[in-house]
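Heads up: the structure comes next, in structure tokens.
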Amino acid sequence: MEEKNEKKVSKEDYMEYAIKLAMRGEGWVSPNPLVGAVIVKEGKIIGEGWHERYGEAHAERNALLHCKESPVNSTLYVTLEPCCHQGKQPPCTEAIIKAGIKKVVIGAKDPNPLVAGKGVQILKDHGIEVIQGILEEKCKDINRVFFHYIQTGMPYVTMKYAMTMDGKIATAAGKSKWITGEAAREHVHKQRHKNRGIMVGVGTIIKDNPMLDCRIEGGRNPLRIICDSHLRIPQNAKVVTTAEEIPTYLVTTIEDQEKWKPYVEAGCKIIIVPKAENKVNIEVMLKELGKAGIDSILLEGGGQLNGSFLSSGLFNALQVYIAPKLFGGKGGISPIGGAGILDPKDSIFLKNRKITLLGQDILIESEVERDVHRNSGRSREN
């Protein structure tokens, strides 16, 4: 950020810059939040930082580490309330107090019960002025995954699919490669980098044998999660043979450990959940994945798995890539299967629509308006 006279740079300007810094940690800090910090003294930025990797220093400590001069009597702008508890890193409130910072400007409060206002109070108790709520909605928005995860204990699930303009994800012959162009497919890999896990049904593995990795330079592979109620996944599937390289979870209702054995030996992790209409119980599965530290999932399943999530209501956002093509035919495959919604008044309503052009294709993104998750009160990791 270009340094300007303090009178010309507002609190919102500094917070906007802190948000941009926070976004640099996208894909790397989960299940922790994205946080950016800027230290300003006499109208100049003297230090900046962001939370770069899970388990490493938080944004406030990184900003202090990179200070060009003493931070005594400076102002700290930070997108999320500073932590005040010992975890993988020491409390940031401790570092702020020790540095002699006189004012802290906060974007959003931390919903973590271990923090939740306690960080603010500790700073005030040590004579530091605290201003809250600067660009609050923007600061909350960049951490909607974290806020959801910390409040429910379940991953934030984004249902993603590519379809033609007549709403088909495959022809009547079951063929789908490729519906969208290269720009859209590259965007999907960026989403795989951003999400901690990628989920498909066993039918997708049997049909396509995908690798389910991230193919952008410098990207991070998501954990792979396969819903396989009857454990039908081929032992030579790519996700099984590479499970030692990329963590792979098989979610099943099968309790026979002998049937697990070849998959466990290949490096897969087995999650057992009860049946729900002869399929895996979605809610129990998400709670178990949440316990494993998986805070976000890109759902790339076929129509059957998407239908299960629709009927359960346990997804949070939608990404639809639309190609200017038509397949037609009654036998063309729709993106969401199952029984579906019978009465329009029972629809899953969507909000915050965003439209992006990707080459010849269009991406429409929305969030689910009705969140039916129960609050399970999971605590944030530091």
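Just name the residue that is nearest to ARG185 (Cα to Cα) out of those in segment 313-368 that are assigned to a loop (DSSP other than H, G, I, E, B) and touching a Phe, Trp or Tyr at 6+ places or on another chain (Cβ under 7 Å).
Step one: of segment 313-368, the residues assigned to a loop (DSSP other than H, G, I, E, B) are 313-316, 324-332, 334-343, 347-349, 359-360.
Next cut, touching a Phe, Trp or Tyr at 6+ places or on another chain (Cβ under 7 Å) only: 315-316, 335.
Details: PHE315: 22, ASN316: 22, PRO335: 17 Å.
Looking at the filtered set, the residue picked out is PRO335.
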From the list ILE246, ILE198, ILE226, pick out the single residue that is at pLDDT 95 or above, crowded, with 18+ Cβ neighbours inside 10 Å and not in a strand (DSSP E or B). ILE246
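Among the residues of segment 171-182 satisfying the criterion of being surrounded by 14 or more Cβ atoms within 10 Å (Cβ to Cβ) and not β-branched (Val, Ile, Thr), which is farthest from the chain's Cα centre (by Cα)?
Pass one, segment 171-182, residues surrounded by 14 or more Cβ atoms within 10 Å (Cβ to Cβ): 171, 176, 179-181.
Going one step further and asking which of them are not β-branched (Val, Ile, Thr), we end up with 176, 181.
Values: SER176: 27, GLY181: 24 Å.
Once the filter is applied, the top-ranked residue is SER176.
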For segment 105-117, indicate whether the set of residues that are modelled with pLDDT under 95 and over 26 Å from TRP28 (Cβ atoms) is non-empty. yes
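Grab the strands (runs of 3 or more DSSP E) fully contained in segment 37-136, keeping just those with 2 or more residues being open to solvent by 30 Å² or more (accessible area, probe 1.4 Å) and under 13 Å from ALA18 (Cα atoms). Lay out the reasoning, then the answer.
Values: elements: 44-50, 75-80, 103-108, 129-132.
It comes to 44-50.
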Looking at segment 313-333, which of the residues that are crowded, with 17+ Cβ neighbours inside 10 Å and over 19 Å from the mean Cα position of the chain (by Cα) is modelled with the lowest pLDDT? GLY332
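Considering only segment 204-215, how many residues are open to solvent by 40 Å² or more (accessible area, probe 1.4 Å) and either in contact with a helix residue (DSSP H, G or I) (Cβ under 8 Å, 6 or more places away or on another chain) or among the aromatic types (Phe, Trp, Tyr) (or both)?
The initial filter retains those residues of segment 204-215 that are open to solvent by 40 Å² or more (accessible area, probe 1.4 Å), namely 206-209, 211, 215.
Among the residues that remain, those that are also either in contact with a helix residue (DSSP H, G or I) (Cβ under 8 Å, 6 or more places away or on another chain) or among the aromatic types (Phe, Trp, Tyr) (or both) are: 209, 211, 215.
Residues that pass the stated criteria total 3.
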Every residue in segment 10-26 that is open to solvent by 10 Å² or more (accessible area, probe 1.4 Å) and either of a type outside the set (Gly, Ala, Ser) or at pLDDT 95 or above (or both), please. LYS11, GLU12, ASP13, GLU16, TYR17, ILE19, LYS20, MET23, ARG24, GLU26
In contact with a Lys or Arg (Cβ under 6 Å, 6 or more places away or on another chain) and either in contact (Cβ under 8 Å) with a residue 40 or more places away in the chain or under 19 Å from SER334 (Cβ atoms) (or both), is that true of THR164? yes
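Looking only at segment 279-304, which residues are open to solvent by 20 Å² or more (accessible area, probe 1.4 Å) and out of contact with any helix residue (DSSP H, G or I) (no Cβ under 8 Å at 6 or more places or on another chain)?
ASN281, VAL284, LYS287, GLU288, LYS291, ALA292
The values are calculated or read from the model by the stated rules, or taken from the named source; none is laboratory data. Computed from a predicted model, the values in this text were never measured in an experiment. A quick note on method: Cβ atoms are made from the backbone with ideal geometry, for glycine too, and the neighbour counts reach across all protein chains shown. Ligands, DNA and RNA are excluded from the accessible area calculation, which covers all protein heavy atoms including side chains. Shrake-Rupley method; radii C 1.70, N 1.55, O 1.52, S 1.80 Å.
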